[in-house]
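Structure, as structure tokens:
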Amino acid sequence: MVKEPKKKMLFLVPVHISYESYVSPPKNARTVIKNGRIVNSLATDLPLGLLSMSAYLKKHYSLDIRLVDFNVEVSALDEFDYPDFASFARKYLAEHFVADFSPDIIGISSLFSPSYQNFIELGAAVKELWPDSFLVGGGNIPTNSYQHIHQTGGFAYFDALCFGEGEKPMLGLIEAESPQEYVERSESWITARKLEDFFIPKHDFIVDLDEIPFYDYALCDHGRHSLNPVMTSYAAHSDSTGYHIMTSRGCPFHCTFCASHQVHGRKMRYHSTDRVFADIRRLVKDYGAQTLIFQDDHFMADKARVLTILGFIEQEKLNAIFQNGLTLYSLDHETLSAFKRAGVNQLVLPLESGSEKVLKHQMKKPLKMSISRQVTEDCRKLDIYTNANVLIGLPGETRQDIEEARLNLRTIPANWYHVVCASPVVGSEIHKIASEKGYISGNVLGADYRTAVINTPDFSADYIQDMQYVFNLELNFLYNSDLRLGRLATAAAGFRNVLNLRPDHLMANLCLGYVRMKEGDAEGAAAHLEKCHEYRISGGWDRFLAIMDLKVPATTGEIIPTIEGKWLH
């Protein structure tokens, strides 16, 4: 029986990126302009973990739960003139909650390494505003960094940290007469006192995911969450109403760069397909969902299940986006055809590396280049646009491996590449290796995939930072597959997307000049070439042009031979 209302809860999500990255975005970041100032763009994905937890807790208890996602709140501002995110959070919470909402329990959920400092500073602000509330932290950051949080004084703010998934541990906390006594005896809650006794926390998973009710999507302001810059990468769906869903948890693989197993475990757990279908129908009926954004860590674990879900999406005439969770060896022609029939016209492919040696030994990933090539070729035949993810700079990788990958990836006909720096995510194997060998420079807890922080005997972080950018420039522009295959309209659309974000991008202007010349528009090509010469001087491009052995053409007549001449090598 549902008990009478007795507890109030406040869930908070800190900004996913560091303050420094927000106010001084790197050159390869998506940006927006606020009051004439260029700042980093924030992803506003729905916080599925908190929506799941809220639904599960309300199933057992009558609760007043509120949620504030500071990625959404900061994105909604016309201008941002605060010295840090905590200052804004303190002001926002004081104005909107302190006077009329006194939560018994406050939970801060942090998933991404760059948000580490925001997580700690938000905890300090919250404890100042509500000193008598029970403050807990959960998600990837506390699960993997609880020792560091303890050593650096984080428990001065947090009463306890949750290890792994939070539904069952949070329910126990709510039901306890004394929250402090409960967390001290629970194996899934971490406290400062327990760590002093060499405590090792344990997961407390829900095995049958159908025990979790329909997620509490009503907690979110969907109008503002849907203003998600990630959606602009999926041109066909960027103006549709998208809702995130997660149909499974866990991943059996041992990829060295990943730490998701620390939160969800390696054993696969699923929602039944009937439950998935019921949830989708409800999202359509109650929320007007048009696009489903799948967030499974390993969506392809069961091929029959995948085909059943894709068949349902086809039947219901919905759109679907898969930002992650795909495994290339599972994407045979039959499965890709099912994606296409379901209206999935764009896929993110985890190629990860262009080196067989790195895939096998440094990443421990069950993938071969022949599979990557076959999948991308099949996608082209089926007219599925492909974004390929690649990372470079792992411990054990060499400059020779990186050069091999640089050449090999030119032969993989993906439409667009997203090449990043290997980041030693806390909880991953590469973090363990890099830490033990002293390879990490800077504050790794705040590192992201845009910033190289690993230095090895084979390479420096500065070298990886440069090569990451060179990979992107070569694969997306100089050796762009659509250009080489004569798909000029598709290629030009990608270049224009870049210029919408970075009008001073030399390579995007050069490649659009090439397209204009191929179309016979010498005047349009001249306009782009003029910008190339302007930005080469003002934008610090000479260093990267030299690495690519590329010169900006002097005249429009030289644009085509300059670009196509590189394809011969």
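The values are calculated or read from the model by the stated rules, or taken from the named source; none is laboratory data. Remember, it's a predicted structure, so these values are computed and weren't measured experimentally. As a convention, Cβ positions derive from the backbone with ideal geometry for all residues, glycine included, and neighbour counts pool all protein chains shown.
Overview of results
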{"item": "Lone qualifier among A422, A452, A414, A434 - being under 30 Å from T335 (Cα atoms), small (G, A, S) and modelled with pLDDT under 95", "result": "A422"}
{"item": "Near pairs, Cβ below 8 angstrom, 6+ apart or cross-chain, from segment 328-342 (without any contact (Cβ under 8 Å) to a residue 40 or more places away in the chain) to any residue that is among the basic types (K, R) and in a helix (DSSP H, G or I)", "result": "S330/K303; T335/K303"}
{"item": "Among the residues listed as L478, L488, L568, the single one being over 30 Å from A434 (Cα atoms), among the aliphatic types (A, V, I, L, M) and buried (at least 19 other Cβ atoms within 10 Å of the Cβ)", "result": "L478"}
{"item": "Extreme residue, surrounded by the fewest Cβ atoms within 10 Å (Cβ to Cβ), among residues of segment 358-399 that are of a type in the set (S, T, N, Q) and assigned to a helix (DSSP H, G or I)", "result": "S370"}
{"item": "Search result, residues across segment 298-342 that are on the phi > 0 side of the Ramachandran plot and crowded, with 17+ Cβ neighbours inside 10 Å", "result": "G325"}
{"item": "Segment 5-63 - residue that is part of a strand (DSSP E or B) and touching a Lys or Arg at 6+ places or on another chain (Cβ under 9 Å) and, of those, farthest from H244 (Cα to Cα)", "result": "K8"}
{"item": "Scope segment 181-198; condition surrounded by fewer than 13 Cβ atoms within 10 Å (Cβ to Cβ) and assigned to a helix (DSSP H, G or I); matching residues", "result": "E181, R185, R193"}
{"item": "Looking only at segment 82-120, and only at residues there that are part of a helix (DSSP H, G or I) and hydroxyl-bearing (S, T, Y), the one that is modelled with the lowest pLDDT", "result": "S113"}
{"item": "Failed criterion for V306 (all others in (1) closer than 27 Å to L475 by Cα; (2) more than 21 Å from the chain's Cα centre (by Cα) hold)", "result": "(1)"}
{"item": "Any hit, segment 96-109, residues being outside the structural domain of P213 (by TED's automatic domain parsing), under 20 Å from the mean Cα position of the chain (by Cα) and not small (G, A, S)", "result": "yes"}
{"item": "Breaking point among (1) under 26 Å from Y146 (Cβ atoms); (2) surrounded by fewer than 19 Cβ atoms within 10 Å (Cβ to Cβ); (3) touching a residue at least 40 places away in the same chain (Cβ under 8 Å), for S102", "result": "(1)"}
{"item": "Answer residue from segment 371-394, given it is in contact with an Asp or Glu (Cβ under 9 Å, 6 or more places away or on another chain) and not hydrophobic (A, V, I, L, M, F, W, C) and is farthest from I321 (Cα to Cα) among those", "result": "Q374"}
{"item": "Single unsatisfied condition, L382 versus (1) closer than 21 Å to L407 by Cα; (2) touching a helix residue (DSSP H, G or I) at 6+ places or on another chain (Cβ under 6 Å); (3) not hydroxyl-bearing (S, T, Y)", "result": "(1)"}
{"item": "Odd one out for L227, checked against (1) within 30 Å of I280 (Cβ to Cβ); (2) modelled with pLDDT of 95 or more; (3) not in a helix (DSSP H, G or I)", "result": "(2)"}
{"item": "Helices (runs of 4 or more DSSP H) fully within segment 237-327 counting 3 or more residues that are of a type in the set (D, E, K, R) and in contact (Cβ under 8 Å) with a residue 12 or more places away in the chain", "result": "273-287, 303-316"}
{"item": "Test: residue in segment 352-370 that is at pLDDT 95 or above and under 26 Å from L292 (Cβ atoms)", "result": "yes"}
{"item": "Which listed residue, of G164, G137, G123, G172, is in a strand (DSSP E or B) and either within 30 Å of T31 (Cβ to Cβ) or small (G, A, S) (or both)", "result": "G137"}
{"item": "Among residues of segment 115-162, those that are farther than 24 Å from S423 by Cβ, among the acidic types (D, E) and out of contact with any strand residue (DSSP E or B) (no Cβ under 7 Å at 6 or more places or on another chain), counted", "result": "2"}
{"item": "Exclusive hit being at pLDDT 95 or above, among the charged types (D, E, K, R) and in contact with a Leu (Cβ under 7 Å, 6 or more places away or on another chain), set D159, D204", "result": "D159"}
{"item": "Yes/no for S75 being in a helix (DSSP H, G or I), within 22 Å of the chain's Cα centre (by Cα) and among the hydroxyl-bearing types (S, T, Y)", "result": "yes"}
{"item": "Condition met for K8 (in contact (Cβ under 8 Å) with a residue 60 or more places away in the chain and among the basic types (K, R))", "result": "yes"}
{"item": "S355 over 20 Å from G325 (Cα atoms), of a type in the set (S, T, Y) and crowded, with 20+ Cβ neighbours inside 10 Å", "result": "yes"}
{"item": "Qualifying residue in segment 386-395 (condition: closer than 18 Å to F253 by Cα and of a type outside the set (A, V, I, L, M, F, W, C))", "result": "yes"}
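Listed here are the residues, each with its yes/no results for (1) under 29 Å from E175 (Cβ atoms); (2) surrounded by fewer than 16 Cβ atoms within 10 Å (Cβ to Cβ).
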site: V74; (1), (2): no, no
site: S87; (1), (2): no, yes
site: R90; (1), (2): no, no
site: N118; (1), (2): no, no
site: L122; (1), (2): yes, no
